[in-house]
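Student: I'd like to ask you about the structure that follows.
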Amino acid sequence: MWAIFKKEVSVFFLTPFGYIFIGMFLLLSGIVFSFYNLAGSRADILGMLGVMNFVSIVIFPVLTMKLLAEEKKMATDQLLFTAPVKISSIILGKYLAAFFVFLVALAATGIFVVFILIYGKTSTGAIVGSYLGFLLLGAAYIAICLFASSLTENQVTSALAGFGFLFGFMLMGLLSNSIPSEFLKGIVKWLSILNKYEEFTNGILKISPLVYYLSFAFLFVFFTIRVVENRQSKREG
Amino acid sequence: MPETERTVSFRNDITAKKVIRGCIELIEVKNLTKRYGNMRGVTDLNFTVEKGEVLGFLGPNGAGKSTTMNIITGYKPPTEGSVVIDGFDITRNPIEAKKRIGYLPEQPPIYPELSVMSYLKFVCELKGVEKTKIMPHIHEIMELVGIYDHRNRLIKNLSKGYKQRTGLAQALVSNPDVLVLDEPTVGLDPKQITEIRTLIKNLGRDHTIILSSHILAEISMICERVIIINKGEIAAIDTPKNLAKNIMASERFLTRIKGPKERVIQMIKNIDGVQNVKEMRLEEESETGFYGYIVENEKNADVKTPLFLAMARNGYIIHELRSLDVSLEDIFLQVTSEENENAEVH
């Protein structure tokens, strides 16, 4: 698993892709920070992360689209799947690598926090909460996108599928209010991944959203493993 | 002649090894069948490979060579049948079986962004080579396949031959007993082909190797036993010598001659030992007056000298006179036509 993790991370930073990804991430968050925090003279980091939330439905599919599709294209999956390792550790290694890159990108936005702490007054709890929430949200999003990319062998399709999944989960939150059945509304609301995020932003750390996001991530990584395992053991084709 | 000496000692190694390990079956393939939907990949393959043996897989493109190799290495599961590597079933006990196999697929599984060194390091970690042993192990392998001088180059900048070597190096990581090499020389230039063949030959000293190719000469040079596979079925299993000797009854050569077609054909047919003359279409024939012929003659009969003399006497110019190797296609035609004849008898 760590072999895959190390390989993925080093490939990521050996190619322009990694730098472009982090560059785009910082550019977008920088623009939001400039307009919302600097021009709007607001001291909460929440706004920036909130907007990044919406942008992330584009960012994460791009981050994960290469992970599985590229191996297939370069025929390097023949090395991975004939090596004496379990498919689960291959997938887990890839998932953790994508998460690590996201972590690096997110850590780089810390510079904005420094500005806010120096020139503004804000609650540290809210900042920590927002970051933790975004991190967990990212963990869930990456798992969903990884799953999407396991369904296809093409990078573009993979990115589009990931985008579709995330967009769908986001829409659930908006649409849930117009569902007449209370029962269905409850389910859809529960599935709406963004709703829980708000609980972090007020600086109160609760255990339930933490568990919620982690189980989301776990579930979709598990689905990915099952999909790949199933494909590799298909007796026909 | 140091080269011959080496070959001789290599042969001795094999016989010595045979005496010791001869009866141990390292790979056992039983009733192996793979279907792709309604399409047949391979059907009911049965064979064993002894420890230390170099086995060749011969067949045209699409015959099922790669499919078989993908199943043996555990990349794809069989529809029916089993593959047992050193006592471990590849579908029931994949981790243990895979530990014993090094696989070089048709397209080397390399990451273009990595350097040779970091790539091999990754493969070592992937295959679970002990951390302290990784560096000496990599160095040894790089020396062996001749990529040590290129160890710090990115794989994408390597020539095709060196990419192939890197792929081979990857298969050697963790020193597996069995090497499965799928068309290791395809697409290389003649010099690289010779180098890779020599390398594989040397590896045959202490590895069990399954090698696929569609070039008969290659197989006969490296392998001790050959499986001819056609349309997903085994058409013949034998030593390369026996295959070439028993299956082909005649030799062929190609020639290009300027002169009246009918007359030239008649003249060639009159030569002793000629069995058949066929005209071969040439693109430029109408302008130049040259016609191409494929002459089939009895084994060991010298037809070329009388042909040359006869043409010279008549002032017909010979532009080309070239032996055609016994090609896989010939053997196939032979093998399949035999099967057809048998079928007609029944």
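Student: Can you give me the Rg/Rh ratio for segment B:249-325, using Cα atoms for both radii and the Kirkwood formula for Rh?
Tutor: 0.94
Student: If R₀ is 25 angstrom, what is the calculated FRET efficiency for the pair A:L160 and A:E229, using the beta carbon separation as r and rounding to 0.05? List each step's numbers first, then the result.
Tutor: Working: r = 24 Å, r/R0 = 0.96.
My answer for the efficiency is 0.55.
Student: Related question: When chain A is treated as a GNM, springs tying every alpha-carbon pair under 10 Å, which of A:I204, A:I127, A:I91 comes out with the largest mean-square fluctuation?
Tutor: Highest fluctuation among the options: A:I204.
Student: Once the Cα gyration tensor of the protein assembly as shown is diagonalised, what are the square roots of 5 times its eigenvalues, in whole Å and ordered largest first, as equivalent ellipsoid semi-axes?
Tutor: Values: eigenvalues 761, 140, 119 Å².
That gives 62, 26, 24 Å for the three semi-axes.
Student: For helix A:87-108, report the angle its Cα long axis makes with the longest principal axis of the Cα atoms of chain A; keep it between 0 and 90° and round to the nearest 10°.
Tutor: 30 degrees
Student: Counting only protein heavy atoms, what percent of the accessible surface of segment B:173-224 is carbon or sulfur at a 1.4 Å probe?
Tutor: Working: 900 of 1670 Å².
Carbon plus sulfur share of accessible area: 54 percent.
Student: Using the beta-carbon distance between B:N38 and A:F183 and R0 = 45 Å, what value does 1/(1 + (r/R0)^6) give for FRET efficiency, to the nearest 0.05?
Tutor: 0.45
Student: Return one number: the angle in degrees, 0 to 90 and rounded to the nearest 10, between the long axis of the Cα atoms of helix A:46-73 and the longest principal axis of the Cα atoms of chain A.
Tutor: Roughly 10 degrees between the two axes.
Student: Here is a further query. How much accessible surface area, in Å² rounded to 10, belongs to the heavy atoms of A:S10 with a 1.4 Å probe?
Tutor: Accessible area, nearest 10 Å²: 50 Å².
Student: If you don't mind, there's one more thing I want to ask. Give the span of segment B:3-245's Cα atoms along each principal axis, as three whole-Å numbers ordered largest to smallest.
Tutor: 45, 43, 35
Student: Sort largest first and round to whole Å: the equivalent ellipsoid semi-axes of segment B:190-269, each the square root of five times a Cα gyration tensor eigenvalue. Walk me through the numbers before you get to the answer.
Tutor: Working: eigenvalues 257, 65, 24 Å².
Sorted largest first and rounded, they come to 36, 18, 11 Å.
Student: Taking all protein chains together and a probe of 1.4 Å, list A:F223, A:F33 from the most accessible to the least accessible.
Tutor: Most to least solvent-accessible, the answer reads A:F223, A:F33.
Student: Could you work out how far helix A:182-191 tilts from the main Cα principal axis of chain A, as a 0 to 90 degree angle to the nearest 10?
Tutor: 80 degrees
Student: Where both residues lie in the protein assembly as shown, what percent of DSSP beta bridges are antiparallel, nearest 5? Walk me through the numbers before you get to the answer.
Tutor: Details: 43 of 62 bridges.
DSSP beta bridges in the protein assembly as shown are roughly 70 percent antiparallel.
Student: Highest GNM mean-square fluctuation, chain A, Cα pairs closer than 10 Å: which of A:V104, A:V113, A:V55?
Tutor: A:V104
Student: How far apart, in nanometres, would the label points at B:K241 and B:M221 be if each is projected 7 angstrom from Cα along the Cα-to-Cβ direction?
Tutor: That separation, rounded to one decimal, is 1.9 nm.
Student: Can you give the FRET efficiency to the nearest 0.05 for A:I31 and B:H139, using r as the Cβ-Cβ distance and R₀ = 41 Å?
Tutor: Values: r = 49 Å, r/R0 = 1.21.
Calculated value: 0.25.
Student: Same structure, new question: Would you kindly calculate the translational diffusion coefficient of segment A:2-236, applying Stokes-Einstein with the Kirkwood radius from alpha carbon pairs, for 4 °C and a viscosity of 1.567 mPa s, and quote it in µm² s⁻¹ without decimals?
Tutor: Working: Rh = 18.8 Å.
Using the Kirkwood radius from Cα pairs, D works out to 69 µm²/s.
Student: Which value at 222 nm does the protein assembly as shown reach when only helices count, each DSSP H run of 4 or more adding -39,500 (n - 2.57), with the total divided by all residues and rounded to the nearest 500 deg cm²/dmol? Present the calculation step by step, with values, prior to reporting the outcome.
Tutor: Numbers: 24 runs with 329 residues, N = 583.
After summing the helix terms and dividing by residue count, I get -18000 deg cm²/dmol.
Student: I need the GluC sites (Glu not before Pro) found in segment A:137-214, filtered to DSSP loop residues with at most 13 other beta carbons within 10 Å of theirs. Display every interim value, and only then the final one.
Tutor: On the way: sites: A:E153, A:E182, A:E198, A:E199; in loops: A:E153.
Answer by residue number: there is no such site.
Student: Next up: How many Cβ atoms of partner chains, on average, are near each residue of A:71-80 if near means within 10 Å of its Cβ? Walk me through the numbers before you get to the answer.
Tutor: Working: counts 2, 0, 0, 6, 6, 8, 3, 13, 17, 3.
Averaged over the peptide's residues, the number is 6.
The values are calculated or read from the model by the stated rules, or taken from the named source; none is laboratory data. Just so it is clear, the structure is predicted and the values come from calculations on it, not from any experiment. Heads up, the Cβs are rebuilt from the backbone with ideal geometry, glycines too, and the neighbour counts pull from every protein chain shown. Keep in mind that these areas ignore ligands, DNA and RNA; they rest on the heavy atoms of the full protein, side chains included. Shrake-Rupley method; radii C 1.70, N 1.55, O 1.52, S 1.80 Å.
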